[in-house]
Each structure stands twice: as structure tokens, then as C-alpha cells.
Amino acid sequence: MASANQKLQIIESVKDLQQVRKNISGSVGFVPTMGALHQGHSALLKKSVAENQFTFLSIFVNPTQFNQAEDLLKYPKTLEQDLRLAHDAGVSFVFIPNAQEIYQDQYRYKISESGLSEKFCGAYRPGHFTGVLTVVMKLLQLVKADRAYFGEKDFQQLQLIKDMVNTFFVPTEIIGVPTVRQDSGLALSSRNLRLSPSQLEVAAQFFKILSTEKENQVARQKLETLGFKVEYIENYENRRLAAAFLGEVRLIDNVPKI
Ligand code: PAF
């Protein structure tokens, strides 16, 4: 039987995960990630640790949600650092599966959505949300958490996951956690590791302009003048969502509508 104050345990196969999960009694929180963890992930993990007896973290760079081979290849990998951050946050179990096992069906079975997933990021990244929803559903089925935690930075992803869980009666509560930002305002993201120091300075303008310039069209022009390639800036419910490339790095963010 697992106890809440044991040290971090690494699990690498589905079978082991299922065995460990069977032996746990007590509330379970879950934070799915693709690794390259930063303080934004730390906030998710700490909330889960505070609200549950056990916290599972998964680290899996999910190939089906990348629509560019290059982006998948260049996705940062920092496992040793990730494990330290997980340990410091008080995580109980880290699940690090491999793609063969997660996709033993060769991705024949998928969860697709035909509304929100086709807009905003979905319009520019065909298949992205099908990959996200499919892997999240698989992980939720395995971890059987009471609560799962996702960053509000990926606002569209969070809405789709909440909706999927309601639609398929998955008994896990989905909890959104506010975006963690650098002092400059730039939202923390694993992809920021690929920005140069000078790009990092320019990247801070993404949040600043989105949160101060009222007109979407004017915000777009200001960003383009600074060298961003803007994909979209659009209002959705009470938020303003945006995505733009800075060099090769794609940034997304969302702010309250002004
Ligand atoms: O937000 C992410 O890191 C990923 O989309 C997720 C939810 C871990 C699924 O691969």
C-alpha cells in the first residue's frame, strides 16, 4: 500500500502504473505534461499536492499533437531537472511512458471534436487537438485521478478537456490554474527555452500589447512591426486569445478582454 510521504517513484510502463494505482487508497491529483518543466508546472504540481494525498505527474512528449515534425524534434527535453522540480513540489509518482505503449493501436482510435477544436489554434494546427484529447483521455483512464490540473495559458485546450470529460462522464474534476508569468509579463512556456536573449525581450511585448491595446487589428499591426508573425488575435467568451511566431518559436497567450 502506498503512503503519502514516500519519495518520488518513477513508473515507465502501463502495467506498473496500473499496479501502483490499484494499491493507492486516498485522493489522487494528476498533472499531465510534456516535460521541460518550469514554474508554471510547479504551480500546477503544488496545487495538486496541496489538494490531494497523492500526486501523479506524467511526462510524455505526445507525437500525435505535433503537426510539424521539426517542432516535435526540437521540443526541449530536460528530464533530470524535471525530476528535481517534481521532487521539490512533493510529487509522489512520475509516469514516463513510451509512445509504442501509449499508441499500441497505431493511433487508430481517436477523440475528435468538431466545434471549438477547429477554431483559433485548431485552424492553424490541423489534428493538434485530436492528438491532445486522445492522449489526455488515455492518461485519465490510466491514472483515474480525482482531480487533474491544467494551465489557463492553454485556454482552448483547457475548455476542450473540460468539455470532453463532461461528455464522456470521466469522473475526474478538471481544474484550471492561472498562467505564471515572468516579471516582463511573458507567459512561462517550455518553448521559451528556444528563444534567444534578444527574442525574449521582444516576446514580452506579446502580453503587453494584448493586454493594453483594445483593437485586435491595431494589436496585430503593432506586433507585426516588432517582427511577430501573427496567426490570430480573437475574442472568445470573456478572453482574448492569440498566437504568433517569433522566429521559429510559436507563442500563445490569452488575457481578459479589455
Ligand atoms: O499542455 C500540454 O503540455 C499537453 O498538451 C498535454 C496536456 C500534456 C497533452 O499532451
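All of the numbers you see were taken from the coordinates with simple rules; none came from a lab. The shown structure was predicted, so the numbers you read here are calculated from the model rather than taken from an experiment. Here Cβ is always computed from backbone atoms with ideal geometry, including for glycine, and neighbour counts include all displayed protein chains.
Between Ile175 and Asp88, what's the calculated FRET efficiency when r is the beta-carbon distance and R0 is 25 Å? Round to 0.05.
On the way: r = 21 Å, r/R0 = 0.83.
So the FRET efficiency works out to roughly 0.75.
For the chain, what is the charge dipole size about the Cα centre, in debye to the nearest 20, if Lys and Arg each add +1 at the Cβ and Asp and Glu each add -1 at the Cβ?
Numbers: 30 positive and 27 negative charges, 33 e Å.
In total the dipole reaches around 160 debye.
Test of understanding: in a Gaussian network model of the chain with alpha carbons linked when under 10 Å, which of Leu133, Leu186, Leu142 would top the mean-square fluctuation ranking? Between Leu133, Leu186, Leu142, it is Leu142 that shows the largest mean-square fluctuation. Taking loop as defined by DSSP and a crowding limit of 16 other beta carbons within 10 Å, which trypsin sites (Lys or Arg not before Pro) in the range 183-229 fit? Filter output for the range 183-229: Lys214.
For the range 52-122, the set of chymotrypsin sites (Phe, Trp or Tyr not before Pro) satisfying both a DSSP loop assignment and a count of at most 11 other C-beta atoms within 10 Å is given as Tyr109. Using the Karplus relation 6.51 cos²θ - 1.76 cosθ + 1.60 with θ = phi - 60°, the per-residue 3J(HN,Hα) values for the range 189-198 come to 7, 4, 5, 4, 4, 8, 8, 6, x, 6 Hz, with x marking Gly and Pro. The long axis of helix 216-225 is offset from the longest Cα principal axis of the chain by roughly 80 degrees.
Round to a whole angstrom and tell me the spacing of the C-alpha centers of the range 203-220 and the range 46-100. Each part's Cα centre sits 31 Å from the other's. Straight-line cross-link partners of Lys257 among the lysines, defined as a Cα under 16 Å from its Cα and at least 8 positions apart when in the same chain: Lys153, Lys208, Lys214. Using the rule -39500 (n - 2.57) for each DSSP H run of four or more residues, divided by the residues of the chain, the 222 nm mean residue ellipticity is -11500 deg cm²/dmol. GNM on the chain, alpha-carbon springs under 10 angstrom: the most fluctuating residue among Glu248, Glu231, Glu12 is Glu248. Which of Ser114, Ser92, Ser25 moves the most in a Gaussian network model of the chain with Cα springs under 10 Å? Looking only at Ser114, Ser92, Ser25, the largest GNM fluctuation is found for Ser114.
For the range 107-113, 3J(HN,Hα) computed residue by residue from phi via the Karplus equation (6.51, -1.76, 1.60; θ = phi - 60°) reads 6, 6, 9, 9, 9, 10, 10 Hz, glycine and proline entered as x. Remark: spin-label model distance Thr225-Glu70 equals 2.9 nm, labels positioned 7 Å along the Cα→Cβ axis.
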